[in-house]
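A.B. asks: Please find one structure pasted underneath; my questions will follow.
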Ligand code: DQA
């Protein structure tokens, strides 16, 4: 079982973003926690990040993985390109957000990716990602 952990726009800035919403982990720290946790469940994780919408589409179109945990960042709120991509790719995509987007600015309440994702976890910081790993382990783990 191979899992892609894909982080989108501005998530490379974790550790320097508002800690009230995003905590204090850097992206490396977050990736390390997810990899450790997944390894304990027998899941191998490949980590990628991009700030570029088209690059995220390219990565999603050729993951080589069984499932994807995806935090698209601000693209979640308006990227029909990512939505259309997720709709037509083979691996299931599980959406995550560190913050609770429904308790923040109104523009964050719109999420155009949700209905094409298999599940979503948000508002619990790094734990949102770990809950997504649990979902993959329980619902998609083949080996
Ligand atoms: C985010 C929420 C988005 O609204 C924001 O633009 C991000 C991060 C989150 O993880 O809480 O960059 O996806």
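What follows draws every value from the coordinates through simple rules; no lab data is involved. The model shown is predicted, which means the values in this text are computed figures rather than measured ones. Cβ: placed from backbone, ideal geometry, glycine included. Neighbour counts: every protein chain shown.
A.B. asks: To the nearest 0.05, how large is the calculated FRET efficiency for residue 33 and residue 87 if R₀ is 22 Å and r is the Cβ-Cβ distance?
C.D. replies: Once the sixth-power term is evaluated, E becomes 0.15.
A.B. asks: Given 10 °C and 1.306 mPa s, compute D for the stretch 42-137 with the Stokes-Einstein relation, Rh being the Kirkwood radius over Cα pairs; round to the nearest whole µm²/s. Mind showing how you got there, number by number?
C.D. replies: On the way: Rh = 13.6 Å.
This corresponds to a translational diffusion coefficient of 117 µm²/s.
A.B. asks: Sum -39500 (n - 2.57) across every DSSP H segment of at least 4 residues in the chain, then divide by the residue count to get the 222 nm mean residue ellipticity, nearest 500.
C.D. replies: -10500 deg cm²/dmol
A.B. asks: Quick one: in the stretch 46-87, what % of C-alpha pairs are over 14 Å apart?
C.D. replies: The answer is 42 percent, as a whole percent.
A.B. asks: Between residue 20 and residue 106, what is the label-point separation in nm under the 7 Å Cα-to-beta-carbon projection?
C.D. replies: 2.0
A.B. asks: What ranking, highest mean first, results for peptides 1-11, 105-115 when packing means the other Cβ atoms within 10 Å averaged over each residue?
C.D. replies: Those peptides, ordered most packed to least, come out 1-11, 105-115.
A.B. asks: Something else about it: In percent, how large is the relative contact order of the chain, given Cα pairs closer than 8 Å and 6 or more residues apart?
C.D. replies: Relative CO of the chain lands at 27 percent.
A.B. asks: Taking 0.36 nm per residue of sequence separation and subtracting the Cα-Cα distance, how much length would be gained by fully extending the chain between residue 62 and residue 138, in nm to one decimal?
C.D. replies: That works out to 25.0 nm of additional length.
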